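Below: one structure, written as structure tokens.
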């Protein structure tokens, strides 16, 4: 792996270091800082000429800053004659704006894809996109990983019988069905009516949850309004226990407080986004690592091996 180089922006350095540890390779030397007026300055402090370079950067809060860091790092590596540049986005920000939901609305997920491509990335590696069709927004190869193996192992170890996998909305049914099939568990769907951004109203539960252990499965937990309302709806229908599993812990606004005060007994997330300090100190939260999964994917991409076989 002499021609492999891994760099990181400032968004998730611990995850990048963990990936490097699995690959037995040092984290690339790069200085990513700000000018006094806030502009981002990047210096790549080692040669990358002819190298296969991976840039690890989640575009989480502050999303605009982290996105610009990624774009500038890609541009710097391109101008330093890197042979191939892969943008590794454990969390792909702006993914929720993947279609026009009203007149004159942007499709920001497509715009971000264009920016990454224009900056000079040759391929993209990401985890649990909010919508699978975002892969088609790119004109370069996209390797879409799933946190399912990590979450499945955790669910298997904590639950055995009387379990039902719950999708908090219609968009997550395919994901919940796949988990239910592998766990030989039932499936329930919450029929949701959204009244505004980050505001949800639940109308009905499709499926049997009475006296069952309900596992709410989602890709993103943002303000946690969806999870808390879903848990209340499940409890009102007689669920014996409610837990939540989400890949990306955005946890904006009152999310941590809401989850702390809710009937949800445990919230399991991954480290695609660094967990906020108030969540780290909260006993309800459990963090699972996707570092090994990303490291294996990077290794396979470097050697031009199959990535999809990871999920067979």
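The values are calculated or read from the model by the stated rules, or taken from the named source; none is laboratory data. Please read these numbers as outputs of a predicted model, since none were measured by experiment. Cβ atoms come from the backbone with ideal geometry, glycine included; neighbour counts cover every protein chain shown.
A few points about this structure:
- A single entry from 240, 283, 244 fulfils the requirement of being more than 30 Å from residue 53 (Cβ to Cβ) and buried (at least 18 other Cβ atoms within 10 Å of the Cβ): 244.
- Test: residue in segment 67-80 that is part of a loop (DSSP other than H, G, I, E, B) and either modelled with pLDDT of 95 or more or closer than 18 Å to residue 130 by Cα (or both): yes
- When the residues of segment 240-261 are filtered to those that are without any contact (Cβ under 8 Å) to a residue 60 or more places away in the chain and in a loop (DSSP other than H, G, I, E, B), the one that is nearest to residue 95 (Cα to Cα) is 251.
- Among (1) within 23 Å of residue 55 (Cα to Cα); (2) assigned to a helix (DSSP H, G or I); (3) touching a residue at least 12 places away in the same chain (Cβ under 8 Å); (4) out of contact with any helix residue (DSSP H, G or I) (no Cβ under 6 Å at 6 or more places or on another chain), the one test that residue 134 misses: (4)
- Qualifying residue in segment 250-268 (condition: within 29 Å of residue 6 (Cβ to Cβ), in contact with a helix residue (DSSP H, G or I) (Cβ under 7 Å, 6 or more places away or on another chain) and at pLDDT 95 or above): yes
- Test: residue in segment 69-79 that is under 20 Å from the mean Cα position of the chain (by Cα), under 21 Å from residue 221 (Cβ atoms) and surrounded by 17 or more Cβ atoms within 10 Å (Cβ to Cβ): no
- Counted residues, segment 281-300 - those being under 22 Å from residue 231 (Cα atoms), part of a loop (DSSP other than H, G, I, E, B) and in contact with a strand residue (DSSP E or B) (Cβ under 6 Å, 6 or more places away or on another chain): 1
- Checked against the criterion of being surrounded by 15 or more Cβ atoms within 10 Å (Cβ to Cβ) and closer than 17 Å to residue 221 by Cα, the candidates 109, 176, 113, 185 yield just one match: 176.
- Residue within segment 36-49 that is farther than 16 Å from residue 119 by Cβ and in a helix (DSSP H, G or I) present: no
- Test for residue 278: is it surrounded by fewer than 20 Cβ atoms within 10 Å (Cβ to Cβ), assigned to a helix (DSSP H, G or I), out of contact with any strand residue (DSSP E or B) (no Cβ under 6 Å at 6 or more places or on another chain) and free of Cβ contacts under 8 Å to residues at least 40 places away in the same chain: yes
- Qualifying residue in segment 19-35 (condition: part of a strand (DSSP E or B), in contact with a helix residue (DSSP H, G or I) (Cβ under 6 Å, 6 or more places away or on another chain) and either at positive phi or at pLDDT 95 or above (or both)): yes
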